[in-house]
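The values are calculated or read from the model by the stated rules, or taken from the named source; none is laboratory data. Every value quoted in this text rests on a predicted model; they were computed, and no experiment measured them. Glycine also receives a Cβ, built like all others from the backbone with ideal geometry; neighbour counts cover every protein chain displayed. Areas reflect the complete protein model, heavy atoms only, side chains present, ligands, DNA and RNA absent. Shrake-Rupley method; radii C 1.70, N 1.55, O 1.52, S 1.80 Å.
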Amino acid sequence: MKANMLRLIPVVALLAASGLALAHHGRLQDHLLRGTILSYGMYGTGSGAFLQRTAHAPGGPAGIELVEQTTILAAQPGMRFGFCVSVTGALEDGDLDLEKVILHPPVFGADGKVSTGYEQEIELTAAGGEAIACLGHTLEREAEAVPGRWTVRLMAADQVIAEKTFELR
C-alpha cells in the first residue's frame, strides 16, 4: 500500500504542476491555436488594416492587397508590411483575444524615448474553429523607418501562433 502511494505522488505532482502552468500561461484554447501564414510581404495603400493600424481585417483578408511577397523591404515612410494568417483550433465560434507584437531596431521618438517594439491586443472572430486575419505595421514617419530586423508576431498568452521576420534596408 505504501509503495503504491509513493508511486502516486509524482503523478499527482505532475498533474498539479500542469494545471498551474495552464492557469499561468493562459486558457486551454490558447494552447490549441495554430497559425498558418497565407501570405506575407509588402501590402498596398488600399490595405485598411495596415493604414488604420487596427492590426486585423475582420472576416478575412478581403481588401488587403499583397503587392510583393518578400521579406526584404525598403526602410521608408509609408511602407506597409506583415502577413495574413489562418488561425485554427478555436474550441468555439466567437471572439479570440490575441496579441500582435512588433519587435524592431531602436526607434528614437520626438520625446527622446527609445522604442524596440510594442504589443497590441487584437480580437479575431472564429467561425467553424478558424479565424483569418491580416496584421502588420506601417512605417509612418521618417524617424520610424529604421533599417534592420523587424518581426511581426501573433501571440495567444505566451504562445507564438505565427511569426515572420522582415529585413528593412
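A few notes on this one:
- Within the stretch 124-160, the set of residues being within 24 Å of GLY89 (Cα to Cα), open to solvent by 10 Å² or more (accessible area, probe 1.4 Å) and of a type outside the set (Gly, Ala, Ser) comprises THR125, GLU130, ILE132, THR151, ARG153, MET155, ASP158, GLN159, VAL160.
- If you go through the stretch 40-51 and keep only what is at pLDDT 65 or above and open to solvent by less than 20 Å² (accessible area, probe 1.4 Å), you end up with GLY41, TYR43, GLY44.
- Checking each residue in the stretch 74-97 for being in a loop (DSSP other than H, G, I, E, B), more than 22 Å from GLU163 (Cβ to Cβ) and of a type outside the set (S, T, N, Q) picks out PRO77, GLY78, LEU91, GLU92, ASP93.
- Every residue from the stretch 90-144 that is free of Cβ contacts under 8 Å to residues at least 40 places away in the same chain and among the hydroxyl-bearing types (Ser, Thr, Tyr): SER115, THR116, TYR118
- Annotation: of all residues in the stretch 52-67 being more than 21 Å from ARG153 (Cβ to Cβ) and in a loop (DSSP other than H, G, I, E, B), the one that is modelled with the lowest pLDDT is GLY59.
- Residue check, THR70 open to solvent by less than 50 Å² (accessible area, probe 1.4 Å), within 27 Å of LEU33 (Cα to Cα) and at pLDDT 90 or above: yes
- In the stretch 104-119, of all residues being of a type outside the set (Val, Ile, Thr) and more than 15 Å from LEU139 (Cβ to Cβ), the one that is modelled with the lowest pLDDT corresponds to ALA110.
- Criterion: at pLDDT below 90, open to solvent by 50 Å² or more (accessible area, probe 1.4 Å) and in contact with a Leu (Cβ under 7 Å, 6 or more places away or on another chain) - qualifying residue of LEU28, LEU20, LEU15: LEU28
- Output for the stretch 85-96, where each listed residue is out of contact with any helix residue (DSSP H, G or I) (no Cβ under 9 Å at 6 or more places or on another chain), of a type outside the set (S, T, N, Q) and modelled with pLDDT of 90 or more: VAL85, VAL87
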